[in-house]
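The block underneath contains the structure these notes are about, expressed in C-alpha cells.
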Amino acid sequence: MKKIFLLIVAIIFLAGCKDQGSVKESKFIVNLEAGSPSVDFLYRDMDQKPFRLSEHKGKVVLLYFWRMKCTECQTELKAIDALHKKYGDRGFVAVSVGADSMHSAPLFKVVEFFDREGFSFVKIRDEDGFVAEAYQVMRAPEAYLIDKDGMIALVQKGYTDWGATEKTELIEKLLAK
C-alpha cells in the first residue's frame with residue numbers, strides 16, 4: 001500500500017514538472033508602456049459594427065477602459081466625448097471599452113447610460129475581457145493614447161482630467177505629426 005501511495009505521489013509530482021521548452025509565451029506584450037506598439041484587436045462595437053484598431057492607423061486613438069460603477073469613469077467619459085467632438089474631424093478617435101460583465105452592469109443599464117449622455121465616440125462592451133487582457137487592464141479607469149503609427153504615446157492609469165491643457169496639447173501634438 002505504501003509503495004502504491006509513493007508511486008501516485010511521484011506521478012503527480014512529475015506531471016506537474018514542465019520542460020522549460022514547453023512553456024508557452026503570452027501572445028501579448030508583457031509591459032505595455034509609452035513607446036510600445038499597440039495591440040491590435042477586432043471587436044464589434046455596441047452598434048454591431050466591426051472595429052479593428054489597426055484600421056485606424058494614421059489617426060490618434062484613445063482607448064479608454066471603464067466600468068459602470070466607477071463614477072470617475074463616467075466623469076472622464078464626458079470629457080473624452082468633448083475631445084472626440086473637438087478633434088474628431090482632425091483624425092482623433094475615442095473608443096470606450098466597457099470592462100463590465102453582464103453581472104456587474106447589465107447591458108440595458110449601459111445602453112441607458114449611453115443614450116442619456118448622447119456620447120458620440122465608439123463604444124465597445126468587453127464582457128469576455130479579451131481587450132482588457134490584451135492591454136493588461138487590472139482596474140478602471142485606464143487609458144492608452146495611441147499615435148498615428150500605432151505606437152502607445154501615453155498610458156494613463158487612474159483618474160485624469162482629459163480636458164487639462166497637458167492632455168489636449170499632447171493630443172494636438174500627435175495630430176500634427
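From the Kirkwood radius over Cα pairs of the range 106-169, Stokes-Einstein at 4 °C and 1.567 mPa s returns a whole-number translational diffusion coefficient of 92 µm²/s. Across the range 32-176, Cα-Cα pairs farther apart than 22 Å form 31% of the total.
The convex hull built on the alpha-carbon positions of the range 65-130 has an orientation-averaged projected area of 4.3 nm².
What the Cβ-Cβ distance of Asp89 and Asp128 gives, at R0 = 30 Å and to the nearest 0.05, is a FRET efficiency of 0.35.
Place a point 7 Å from Cα of Leu107 in the direction of its Cβ. Which residues in the range 39-77 have their backbone N less than 14 Å from it? Of the residues in the range 39-77, 44-49 have backbone N under 14 Å from the label point off Leu107.
The separation of the range 34-71 from the range 105-169, counted between C-alpha centres, amounts to 8 Å.
The amide H of Ser38, built 1.01 Å from its N in the peptide plane, has Met151, Ile152 as neighbours under 5 Å, considering only residues 5 or more places off or on other chains. Close amide H partners of Val122, meaning residues 5 or more places away or on another chain with modelled amide H under 5 Å apart, are Ala94, Ser96. Relative contact order of the range 32-176: 35 percent, from C-alpha pairs under 8 Å at least 6 residues apart in sequence.
Coordinate-derived values only; no laboratory data. This is a predicted model, so every value here is computed, not measured. Cβ atoms come from the backbone with ideal geometry, glycine included; neighbour counts cover every protein chain shown.
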